[in-house]
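Handing you a structure now.
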Amino acid sequence: MISQIFILSAKGDHLIYKDFRGEASKDSINVFYEMVTALSGDQPPVVMSHKDLHFIHVRQGGLYWVASTKTNPSPFTIIEFLNRLAALTKDYCGSLSEKSVRMNFALIYELLDEMVDFGYIQTTSTDILKNFIQTEAVSSKPFSLFDLSNVGLFGAETQQSKVAPSVAASRPIMSSRGEQGGKNEIFVDVIERLSVVIGSNGVLMKSDIQGEIRIKCFLPTCSEMRIGLNEELNIGKSQLKGYSSAVRVDECRFHQAVKLDEFDTFRILKVCPSQGEQTVMQYQLCDELPCAPPFQLFPSVEKDYVNRVMIFLKLRCDLPPKSTALNVSITVPVPKGSISMSQELSSPDQTAELQPKNKALLWEIPRFPGGAQLSALFKVDVPGISSASLLEVGPVSMSFELPKQTCTGLQIRFLRLSPTQTGLSQRWVRYVTHSDSYTIRI
């Protein structure tokens, strides 16, 4: 007998919640996520208990599919049901991801209404369910695994992405330099977005990397372009041998115009680029970070003798020494009622301000060299402060850009054009990693 069904993102966001019996409070969602993230190791137990409530979950598509119960049903039955629910969601929505679940929440609720009645499983048969499901699925772009179309290189949003990103690849656009007789150019950008959760002990708890290879062509003629990726690139966990420094992604998807006859053997993409912008490949890596997290935070929070909270932050950049992080921003929630703040920063180019409306302080660093360490002391005035006020500090969230860096290690080996371009043409390969959600618990 099932009490609740809920679906959570890797960051703990509530996507779907269905209470069948009213036996447990909605707070059980937070209880489950705190339990699953507090455990060490990559594979938390499938069955966990809190007081008289039992949680049974599976991990599919980077999401938590969870059932709670106060009775003692067969765990294998519940696990099979959750796997079947995930499979049906994928069949109806076309893909299994946080985005597809958010876009089709009405459909998923209708599925749950037909599959479970007062906590008792009724059916998981597709043939039966298709007679009752009336909601139409909402699909995203045909080749989109996730949407990065609004992210430009180094955080810039181009005019094309603001106006019409969906048709930017099909519209011919000419560069001003080309019109003036300048150099013919083609750009290949490898863009990744990083989401991590780091525990208060500094241990990486969750990670997710979403990336894409985007080309922008300003060549007058180009019948075919060959893009060579890492020869040791592996798709899925089963292909990883474990002895070489292989680059791995969980899954990838290609534009319909990409030819893959040489991809399996030589990891070469062949495409006929039109003038404009085109996303040729998208990929994702969940629950694994091949490199060390780019930043480590060492916080200290204390109560002063007067009505002040002393927040000391020491931030270390673990990038290679020749690398630099740009536009680093650190946001720290502070106790409600904070009225003013003074700060001591370790370098003059840093800035900090208290944002009372957001109940947070903002610390900004324009450039952060790899291997460097910066610190800041914030003295926040909080009238009527108590020991409980210290619990309102954190977690810390960060945003940043890492030029010339990819967290997966994906690289472009070569870029060859056919036929050979007459005259001088420029080929540019650029890498950048953006922070999507970088959370550090205090």
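The values are calculated or read from the model by the stated rules, or taken from the named source; none is laboratory data. Because the structure is a prediction, the values reported are computed rather than measured. Quick reminder, even Gly has a Cβ in these numbers, built from the backbone with ideal geometry, and neighbours come from all protein chains shown. Side chains are part of the model used for accessible areas, which takes the heavy atoms of the whole protein and leaves out ligands, DNA and RNA. Shrake-Rupley method; radii C 1.70, N 1.55, O 1.52, S 1.80 Å.
Limited to segment 331-387, what total is found for residues that are among the aliphatic types (A, V, I, L, M) and within 18 Å of residue 305 (Cβ to Cβ)?
As a first pass, look at segment 331-387 and keep what is among the aliphatic types (A, V, I, L, M): 332, 334, 339, 341, 345, 352, 354, 360-362, 365, 372, 374, 376-377, 380, 382, 385.
Among the residues that remain, those that are also within 18 Å of residue 305 (Cβ to Cβ) are: 339, 341, 377, 380, 382, 385.
Selection size over segment 331-387: 6.
Look at segment 176-196 and say how many of its residues are at pLDDT below 90, surrounded by fewer than 20 Cβ atoms within 10 Å (Cβ to Cβ) and in contact with a strand residue (DSSP E or B) (Cβ under 7 Å, 6 or more places away or on another chain).
Residues of segment 176-196 at pLDDT below 90: 176-186.
Checking the rest, the ones that are also surrounded by fewer than 20 Cβ atoms within 10 Å (Cβ to Cβ) come to 176-183, 185.
With in contact with a strand residue (DSSP E or B) (Cβ under 7 Å, 6 or more places away or on another chain) added as a condition, the list becomes 178, 183, 185.
Final tally of qualifying residues: 3.
Inspect segment 106-128 for any residue being in contact (Cβ under 8 Å) with a residue 24 or more places away in the chain and within 18 Å of residue 12 (Cβ to Cβ) and give the result as yes or no.
No, every residue in segment 106-128 fails to be in contact (Cβ under 8 Å) with a residue 24 or more places away in the chain and within 18 Å of residue 12 (Cβ to Cβ).
What are the pairs with Cβ atoms under 6 angstrom where one residue, in segment 256-280, is in contact (Cβ under 8 Å) with a residue 60 or more places away in the chain and the other, located anywhere, is open to solvent by 40 Å² or more (accessible area, probe 1.4 Å) and part of a strand (DSSP E or B)? Sequence gap at least six, or different chains.
Cβ pairs passing all conditions: 277/216.
Another question, if that's okay. Only one of these conditions is not met by residue 29: (1) open to solvent by 30 Å² or more (accessible area, probe 1.4 Å); (2) closer than 23 Å to residue 439 by Cα. Which number is it?
(1)
With the structure loaded, tell me whether residue 119 is modelled with pLDDT of 85 or more, surrounded by 13 or more Cβ atoms within 10 Å (Cβ to Cβ) and at positive phi or whether it fails that test.
On the way: modelled with pLDDT of 85 or more: yes; surrounded by 13 or more Cβ atoms within 10 Å (Cβ to Cβ): yes; at positive phi: yes.
Yes, satisfied.
Next question, about the same structure. From the list 352, 246, exactly one residue is more than 26 Å from the chain's Cα centre (by Cα), more than 16 Å from residue 213 (Cβ to Cβ) and in contact (Cβ under 8 Å) with a residue 12 or more places away in the chain. Which is it? Walk me through how you get there before you give the answer.
Values: 246 fails: more than 26 Å from the chain's Cα centre (by Cα).
Going through 352, 246 in turn, the sole match is 352.
Further question on the same structure: Do you know which residues across segment 389-408 are outside any strand (DSSP E or B), surrounded by 15 or more Cβ atoms within 10 Å (Cβ to Cβ) and either modelled with pLDDT of 95 or more or on the phi > 0 side of the Ramachandran plot (or both)? Walk me through it before giving the result.
Keep residues of segment 389-408 that are outside any strand (DSSP E or B), which gives 389-395, 404-408.
Filter again for surrounded by 15 or more Cβ atoms within 10 Å (Cβ to Cβ), leaving 389-390, 392-395, 405-408.
Within segment 389-408, just 394 meets the criteria.
For the structure I just gave you, tell me whether residue 414 is part of a strand (DSSP E or B), of a type in the set (A, V, I, L, M, F, W, C), in contact with a strand residue (DSSP E or B) (Cβ under 8 Å, 6 or more places away or on another chain) and over 30 Å from residue 225 (Cβ atoms).
Details: part of a strand (DSSP E or B): yes; of a type in the set (A, V, I, L, M, F, W, C): yes; in contact with a strand residue (DSSP E or B) (Cβ under 8 Å, 6 or more places away or on another chain): yes; over 30 Å from residue 225 (Cβ atoms): no.
Taking the combined requirement at face value, the residue does not satisfy it.
Looking at (1) under 18 Å from residue 133 (Cα atoms); (2) more than 23 Å from the chain's Cα centre (by Cα), which is the one condition that is false for residue 87?
Among (1) under 18 Å from residue 133 (Cα atoms); (2) more than 23 Å from the chain's Cα centre (by Cα), the lone unmet condition for residue 87 is (2).
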